[in-house]
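*Asks:* I'd like to ask you about the structure that follows.
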Amino acid sequence: DAAAELDPVAVRRLGPRRIAKAVLLRVGRLGPDARALAQALAVLGEADGPSQAGALAGLEPAAAAALADSLTALGVLSPGRPVRFAHPVVRTAIYEDTPASERARMQRRAAQLLAADPEQAAVHLLAAEPQGDAQTVAMLRVAARAAQARGAPDSAVRYLRRALAEPPD
């Protein structure tokens, strides 16, 4: 099966499109919750555990853990922690298969879930469309201060520019 071997040689030999198609079929066979978990993980990039991605997908922790195990058994996810895809082409396939409006919604929700780390939250807000949300502006300003404090003025400027695009009514 095309997705069974996701080493770099196999990816080059089979091509990303065939791998993506095989992965999407495998995930689809597990049902809509597995698809939602995979989409959440594609937005996050990786997660400390399945419950973090499950929270973004709207799943109970036990259900997220069981689905993560199933996705690992299918070769979609790598075994162990953090939870991540077996290969970047797999993440890209899931991410690109997610409708843009859903990705934007999930990016905002990911930022809320990761609010304890302002800069990590800001990365997700950079990928979300502006909606005139005062909380988003506040989060981006906090992230800009954190970036400036760690000596990353370019990141601080990106966060502040995004905040300017978000101004609330």
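The values are calculated or read from the model by the stated rules, or taken from the named source; none is laboratory data. Note that the coordinates shown come from a computational prediction; the quantities given were computed from them, not determined experimentally. Keep in mind that these areas ignore ligands, DNA and RNA; they rest on the heavy atoms of the full protein, side chains included. Shrake-Rupley method; radii C 1.70, N 1.55, O 1.52, S 1.80 Å.
*Asks:* If you count only protein heavy atoms with a 1.4 Å probe, what accessible area per residue comes out for the chain, rounded to a whole Å²?
*Replies:* 53
*Asks:* So what's the angle, to the nearest 10 degrees on a 0 to 90 scale, between helix 61-73 and the longest Cα principal axis of the chain?
*Replies:* Orientation of helix 61-73: about 50 degrees from the principal axis.
*Asks:* Give the Debye-formula value of log10 I(q)/I(0) at each listed q (0.17, 0.19, 0.20 Å⁻¹), with one equal scatterer per alpha carbon of the chain, two decimals each.
*Replies:* Debye curve over Cα of the chain, log10 I(q)/I(0) at q = 0.17, 0.19, 0.20 Å⁻¹: -0.98, -1.10, -1.15.
*Asks:* Related question: Taking just the alpha carbons, could you work out the radius of gyration and Dmax for the stretch 125-169, both in angstroms?
*Replies:* My reading of the Cα-based Rg and Dmax gives 10.0, 32 Å.
*Asks:* Can you tell me the orientation of helix 134-149 relative to the chain, as the angle in degrees between its alpha-carbon axis and the longest Cα principal axis, to the nearest 10?
*Replies:* 90
*Asks:* On to the next question. Quick one: with all protein chains in place, what share of the accessible area of the chain is carbon or sulfur, to the nearest percent (1.4 Å probe)?
*Replies:* Answer for the chain is 53 percent, counting heavy atoms of protein chains only.
*Asks:* Which percent of Cα pairs goes in each bin when the distances of the stretch 79-169 are cut into 10 angstrom slices starting at zero?
*Replies:* 17, 41, 30, 11, 0
*Asks:* Another question, if that's okay. Compute the Rg to Rh ratio over the stretch 41-96 from the alpha carbon atoms, using the Kirkwood formula for Rh, and round to two decimal places.
*Replies:* When Rh is taken as the Kirkwood radius, the ratio is 0.92.
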